[in-house]
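The values are calculated or read from the model by the stated rules, or taken from the named source; none is laboratory data. Bear in mind the structure is a predicted one, so any value in this text is a computation, not a measurement. Backbone-built Cβ (ideal geometry, glycine too); neighbour counts: all protein chains shown. With ligands, DNA and RNA removed, areas are computed over all heavy atoms of the protein, side chains included. Shrake-Rupley method; radii C 1.70, N 1.55, O 1.52, S 1.80 Å.
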Amino acid sequence: ALGLSAAYSLAGQHAEALALLAQTLERHSLSTLLMSRQPEVPRLAEIYFFAGRLEEAMYYVDQQLDFAKAHGERGRQAWAYRLRGEIALCSDRQGSALVESSYR
């Protein structure tokens, strides 16, 4: 369901993506999803990012970043830092220091 939700999001169908995401989160606890090793799970932040919900996107990307650091998953760390930089770049409240540090 997360993969389909991400596809909807990439296609610009944000309402459908968020509705499917809400159904998924109702069925599974957030902690279960965040700790899952499935490749679709890091898409949570992307779904919110593409829907323009930057606060939620930043929350989930930070959760993924913490998980990746704790488990030594450098690929997920790189993904999280890249998306964190994009979210910060699009957010009026984020300073350029966060953008720069995320991309570095």
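Under 8 Å between Cβ atoms, which residue pairs at least 6 apart in sequence (or on different chains) link something in segment 48-70 that is touching a residue at least 24 places away in the same chain (Cβ under 8 Å) and under 20 Å from GLU16 (Cβ atoms) with a partner that is open to solvent by less than 40 Å² (accessible area, probe 1.4 Å) and outside any helix (DSSP H, G or I)?
Matching pairs, first to second residue: LEU54/SER91.
Which ones in segment 1-58 are part of a helix (DSSP H, G or I), over 17 Å from ALA80 (Cα atoms) and modelled with pLDDT under 70?
LEU30, SER31, THR32
Which members of segment 76-104 meet the condition of being exposed (fewer than 15 other Cβ atoms within 10 Å of the Cβ), modelled with pLDDT of 90 or more and either in contact with a Pro (Cβ under 8 Å, 6 or more places away or on another chain) or of a type outside the set (Lys, Arg) (or both)?
Of the residues in segment 76-104, the ones exposed (fewer than 15 other Cβ atoms within 10 Å of the Cβ) are 78, 82, 89-90, 92-93, 95-97, 100-101, 103-104.
Checking which are modelled with pLDDT of 90 or more leaves us with 78, 82.
Listed by number, the list holds a single entry, ALA78.
For segment 59-103, what are the residues that are within 12 Å of PRO42 (Cα to Cα) and of a type in the set (A, V, I, L, M, F, W, C)?
Scanning segment 59-103 gives VAL61, LEU65, PHE67, ALA68, ALA78, TRP79, ALA80, LEU83.
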